[in-house]
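No value in this document is a laboratory result; all are computed from the given coordinates. Just so it is clear, the model here is predicted, and its values are computed rather than measured. Cβ: placed from backbone, ideal geometry, glycine included. Neighbour counts: every protein chain shown.
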Amino acid sequence: MTSQFRRERHSVSDLKIHLVCVTKYRKPVFTTESLDLIERSFKEVAEKMDFQILEFNGEGDHVHSLIEYPPKLSISQIVNALKGVSSRRYGQAGHQKPHKDALWSPSYFAVSVGGAPLEVLKRYIHSQEKPS
């Protein structure tokens, strides 16, 4: 994957996360059809909030997504919007939620991805010339 920087008025960034969201109580409720609905919901949210879903897939009880986002958004803002809209659309489509009105567990897993390995960055920072 080639790195394309996001260029905005006062920043240049390349922020990507691998996000995993699980269903309430890890109940396997997703089908191929419902995963397509969740993916469409995620992509609609991404378009409105100005971030991108680069990859998406899932299993019966969780979804994985690779997200590129601007520095003005926090990961928690992104997750809250994705879970809120997708849960609402999931219910509106007539699918059964695992627990009352909750589709998603309140927790999530997010890890930064891409860029140089930590050791390379450490060497680069260490090699900077200090002013005399």
- surrounded by 13 or more Cβ atoms within 10 Å (Cβ to Cβ), among the hydrophobic types (A, V, I, L, M, F, W, C) and farther than 19 Å from residue 105 by Cα - does that describe any residue in the range 22-42? no
- Message: Restricting to the range 43-73, give me the number of residues that are surrounded by 14 or more Cβ atoms within 10 Å (Cβ to Cβ), without any contact (Cβ under 8 Å) to a residue 24 or more places away in the chain and more than 12 Å from the chain's Cα centre (by Cα).
- Response: 0
- Could you tell me whether the range 5-20 includes any residue that is touching a residue at least 40 places away in the same chain (Cβ under 8 Å) and among the basic types (Lys, Arg)? yes
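Looking only at the range 103-132, which residues are of a type in the set (S, T, N, Q) and surrounded by 10 or more Cβ atoms within 10 Å (Cβ to Cβ)?
105, 112
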- Could you tell me which residue of the range 1-34 is farthest from residue 68 (Cα to Cα), considering only residues that are in a loop (DSSP other than H, G, I, E, B) and hydrophobic (A, V, I, L, M, F, W, C)? 29
- Item | Given (1) surrounded by 12 or more Cβ atoms within 10 Å (Cβ to Cβ); (2) part of a helix (DSSP H, G or I); (3) not basic (Lys, Arg), number of the condition residue 76 does not satisfy | (1)
